[in-house]
Amino acid sequence: MQFLFSVGLFLSASLLFVIQPMVAKVLLPVYGGTPAVWTICMLFFQSLLLAAYGYAWVLSKLKTVWEWRLLHTIVLLVSLLSLPFLFIVSAEKGIPEFVILRHLIYQLGLPLLVIAASAPLLQFAYSQTQDKKANDPYFLYVASNGGSFLALLAYPWLVERYWGLKEQFHYWMIGYCIYLIILCVILFGVSYKSTLKQEVKNKPQFSLLQLQWIGYSFIPCSILLGVTFYISTDIAATPIFWILPLALYLLSFIITFAKHPVISFSWVERNCLFFFIFPMISFIVGNALSAGQMILFHLINFFIMALLCHGRLIQTRPPANQLTSFYFCLALGGVLAGFFNSLIAPRIFNDSYEYPFILALAILCIPANKKGMSLIPGIIFLILLINYFLPNISWLATLKNYHVAEFLSLCLIVCCAGNKFSLFVSVSILFVFLFSPGLKPNTILAQQRNFYGIKTVSAIPGSHVLISQNTLHGFQLTNPNKNDIGALGYYGPPAQVVKLLRQQKKPLNAIILGLGTGMMACQYERDETLQMVDIDRQVINIAKNPQLFTYLKDCSPNITLEEGDGRLVLQNAPDKRVDVLVIDAFTSDSIPIHLLTLEAFQLYLKKITSDGVIMVHISNRHLRLLPVLTAVGRQLDLIVLHKFQSENTKEGQLASEWGLLTSNQAFAVSLMRSANWQFVAENDARLWTDDYSNLIPLLKW
């Protein structure tokens, strides 16, 4: 009997968690590849869990076994009628968050409600059997989380790697049908007690215990969403970076709910503060860390904090007759976290402050044996304040460059902070100095955030710069050389292409996907036509603001600005009219994968002239994107060229990497001879399509 219930829980959890990255991957192309898609999807699934756990709680209150079994059977049959064979979405007007939620609810709501209710409902059903372990069914939760964990790990390394989205949904349908068969056997093939055990009246202090359950669920869920957004914004919005944190979150449940945990709760309590060092180091040194180091530093602390909070939950779990109430509180904490991270934080914070904010709040969960208030918060405040006012000269500048004050403060926090309140205040002070725009050395001229990400415009000596997350996306010098202004920054290679192409054909008609500061507009002449497209209205407003950047005002071509996803906008453009198509629509180092698929390049070829060119900006700290271009070039019989521009700060040039695809052989030869572009003939990369993409082989570990 235990095996049957375990298999049912394992399969239901696997189905629930493997479909999460599947539907998010369908949504990404429609909404410009933004990492916020995953956060909204997580809010949906957390809300679904809350509804499912509430549904299970209602069933547990029915008087007889037959009542809840009959009602659940009816819900199963109805779910078959509404089951989606393929999740289909299209671009719609409206607030993106609510449009996404509506698609998910209408197409997936009922079948996933049946699956999500399995964890509490099957554990409750097991508690009503004659089995000798029926009085403590919590061990079954390990099977549920084990299924979730393995499904998430299997997705990037197995499912996504070898199957397209259509195949994935097809196999998911088969799995769902198998689960329904197992569930019917559990409902009607198992002997239950004739009446349900009645839940005892709650003691007065139980409401406080419920608040603790909600709080210990809220904190790790919020950190999960925060660290996922932080990582995927800076690297790529793709399932691998959604799944790793979520898999660790589930693993923490598996460990803490096991009868004999491999990591004891007492060990976690003693050592959790030490692991807090790792994300702090990442916050302090920023870009000095590689992608692998950054991911490791943030996830190792998240895992330990999840073990701590979930360990608190297992220590305070109620008896089996209050099981559904316990799981409902856990789901409520998750929903509150999703609501805070996905809907509230983007509207009250202009940067990803919710992540360090919840990390500071999580400090209150860490046990601190020392009593009384410590002087350490005051000492840390003085150290950081003095460091802020130190002049950037001689050895004092070295102290600042090596973050001596910040590391000294971190050491004091870990070694000497005192009680919980002192620890919390100390961490909060350090976070204020690390993240507050008013305390940063550069003057923040504008900082904005929306569904599509975080943008910061800063004034540094001699220039204004636009930064998305930790990546420079453009700048404007105070006294530039007017003759080559369009070739500054990352844009030396495309300027070479435009100049050479103009010798063969004039005037040019160009489309640029991705606006940035508008610098590339200065590569084109007065009689030429240029359309610049950006999905983010805030980016357009920044580029148009003459107090921040003046490229769009100063440069002479006939410029049209259009808001929207580049691929969707191109669909409405006339065919065979574009001479130069530039793909530069990246946010931070996060890439919109849907702009690099076979179907995307087929669309590009329809829009460019027979002798036109497609340029793709492939600079990325974490991913090797050139193989993606060579694969699509091989498929479409296009010449692929590559150019790496070395950094030259004296001339205002930044290190950048570009790819070019064309069928114009004469132009390609001229470009290789005159500008040192390199011909690329790699043929071992797998082709990306709208149905298939996989980043793992491309990572710079």
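Shape of segment 137-180 from the C-alpha gyration tensor: oblate (a/c of 1.5 or more and a/b not above b/c, with a ≥ b ≥ c the square roots of its eigenvalues). Listing 252, 670, 436 from fewest to most neighbouring C-beta atoms within 10 Å gives 436, 670, 252. Cross-linked pairs 63/133; 132/259; 505/607; 606/700; 93/553: Cα-Cα separations exceed 24 Å for 606/700; 93/553.
Sorting the segments 425-432, 14-21, 459-466 by their mean number of nearby beta carbons within 10 angstrom, highest to lowest, gives 14-21, 425-432, 459-466. Out of residues 5 or more away from residue 652 or on other chains, whose amide H comes under 5 Å of its own, with H placed 1.01 Å from N in the peptide plane? Under 5 Å from the amide H of residue 652 lies no amide H from a residue far enough along the sequence or on another chain. Estimated at 0.36 nm per residue, the fully extended path between residue 1 and residue 259 surpasses their Cα-Cα distance by 91.0 nm.
Note on residue 576: aspartates and glutamates with a C-alpha under 12 Å away, same-chain residues under 8 apart excluded, are 611.
If R0 is 45 Å, the Cβ-Cβ spacing of residue 419 and residue 572 corresponds to a FRET efficiency of close to 0.15. Near residue 462: Cβ cut-off under 14 Å, other residues only, Lys/Arg at +1 and Asp/Glu at -1. The net charge is 0.
Can you tell me which of 114-124, 300-310, 610-620 comes out highest on packing, and rank the rest after it, using the mean Cβ neighbours within 10 Å?
Taking the mean over residues of other Cβ atoms within 10 Å, the ranking is 114-124, 300-310, 610-620.
How would the chain be classified by its alpha-carbon gyration tensor: rounded, prolate or oblate, with rounded meaning a/c under 1.5 and the a/b versus b/c comparison settling the rest? Taking the square roots of the gyration eigenvalues as a ≥ b ≥ c, the chain is oblate.
With runs of 4+ DSSP H residues as the only contributors, calculate the mean residue ellipticity of the chain at 222 nm using -39,500 (n - 2.57) per run, divided by the residue total and rounded to the nearest 500. Here the helix-only value at 222 nm equals -17500 deg cm²/dmol. Taking every DSSP beta bridge with both residues inside the chain, roughly what % is antiparallel (nearest 5)? About 65 percent, rounded to the nearest 5.
If you count the DSSP beta bridges with both ends in segment 470-698, what percent of them are antiparallel, to the nearest 5? Of the beta bridges lying entirely in segment 470-698, close to 45 percent run antiparallel. Taking the fewest neighbouring Cβ atoms within 10 Å as the starting point, the ordered list for 354, 647, 563, 657 is 647, 563, 657, 354. Which shape class, rounded, prolate or oblate, goes with segment 611-684 when its Cα gyration tensor gives a ≥ b ≥ c as root eigenvalues, a/c under 1.5 marks rounded, and past that a/b bigger than b/c marks prolate? The shape class here is oblate.
Bear in mind these aren't lab numbers, they're just calculated from the coordinates by the rules spelled out. Note that the coordinates shown come from a computational prediction; the quantities given were computed from them, not determined experimentally. When we count neighbours, we look across all protein chains shown, and the Cβ atoms used for this are built from the backbone with ideal geometry, even at glycine.
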